[in-house]
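A quick write-up on the structure given underneath.
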Amino acid sequence: MQAIKIYHNPNCSKSRASLALLEENAIKPEIIYYLETPPTVAELKDLLLKLGMTIDDILRKSEDEYDELGLDDDSLSEEIVFDLVTKHPILLQRPIVVKGDKAIIGRPPENVLSLLGD
């Protein structure tokens, strides 16, 4: 079986529930505490390819930083948004679970189970 990674925030109930589901299915994922070790721009782009999403799709628009940084401004270039997310990783949806060339956001946590059968 391919290794599984989880971009995890232990303060988030959905992230904790997703990790618990993996562990209940005998999966010991590599845990990436992304608030402490934010993904680089290259890693973010790779995650987006695996998710099949855009950077806008994985932003937490309810976070104060979203408004404070003006991320609702459509004139911001994608590169600026990527740079801001690497500096403010709280803006990322969580958790993101990766297996090989596929990834999924664990909202709801049961979404992660779809990766286990591949």
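The values are calculated or read from the model by the stated rules, or taken from the named source; none is laboratory data. All values reported here derive from a predicted model rather than from experimental measurement. As a convention, Cβ positions derive from the backbone with ideal geometry for all residues, glycine included, and neighbour counts pool all protein chains shown.
Within region 51-72, track down each residue that is at pLDDT 95 or above, surrounded by fewer than 14 Cβ atoms within 10 Å (Cβ to Cβ) and over 17 Å from the mean Cα position of the chain (by Cα). Residues satisfying the conditions are Asp64, Asp67, Glu68, Gly70. Residues that are in a loop (DSSP other than H, G, I, E, B) and of a type outside the set (Val, Ile, Thr) were ranked within region 46-60; the one that is nearest to Asp101 (Cα to Cα) is Gly52.
Against the list (1) part of a helix (DSSP H, G or I); (2) aliphatic (A, V, I, L, M); (3) out of contact with any Ser or Thr (no Cβ under 9 Å at 6 or more places or on another chain); (4) buried (at least 16 other Cβ atoms within 10 Å of the Cβ), the condition Val112 fails is (3).
Among the residues of region 25-45, the ones that are assigned to a helix (DSSP H, G or I), surrounded by fewer than 18 Cβ atoms within 10 Å (Cβ to Cβ) and touching a Ser or Thr at 6+ places or on another chain (Cβ under 9 Å) come to 2 in all.
Of the numbered criteria (1) more than 13 Å from Cys12 (Cβ to Cβ); (2) part of a loop (DSSP other than H, G, I, E, B), the one Arg107 fails is (1). Scoring Gly117 on the criteria (1) crowded, with 17+ Cβ neighbours inside 10 Å; (2) of a type outside the set (Ser, Thr, Tyr); (3) free of Cβ contacts under 8 Å to residues at least 24 places away in the same chain; (4) closer than 16 Å to Ile4 by Cβ leaves a single failure, condition (1).
One line per residue, one yes/no per condition, for (1) modelled with pLDDT of 95 or more; (2) over 18 Å from Leu115 (Cβ atoms); (3) over 11 Å from the mean Cα position of the chain (by Cα):
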position: Ile4; (1), (2), (3): yes, no, yes
position: Tyr7; (1), (2), (3): yes, no, no
position: Cys12; (1), (2), (3): yes, yes, yes
position: Ala17; (1), (2), (3): yes, no, yes
position: Glu23; (1), (2), (3): yes, no, yes
position: Pro29; (1), (2), (3): yes, no, yes
position: Ile32; (1), (2), (3): yes, no, no
position: Thr40; (1), (2), (3): yes, yes, yes
position: Leu49; (1), (2), (3): yes, no, yes
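Condition first: out of contact with any helix residue (DSSP H, G or I) (no Cβ under 7 Å at 6 or more places or on another chain), of a type in the set (D, E, K, R) and not in a helix (DSSP H, G or I). Can you find one or more residues in region 61-70 that meet it? So far as region 61-70 goes, yes, one or more of its residues are out of contact with any helix residue (DSSP H, G or I) (no Cβ under 7 Å at 6 or more places or on another chain), of a type in the set (D, E, K, R) and not in a helix (DSSP H, G or I).
Among the numbered conditions (1) surrounded by fewer than 19 Cβ atoms within 10 Å (Cβ to Cβ); (2) under 22 Å from Leu19 (Cα atoms); (3) among the aliphatic types (A, V, I, L, M), the only one that Ile105 does not meet is (1). Just one residue in the set Leu92, Leu71, Leu35, Leu59 is among the aliphatic types (A, V, I, L, M) and free of Cβ contacts under 8 Å to residues at least 24 places away in the same chain; that residue is Leu71.
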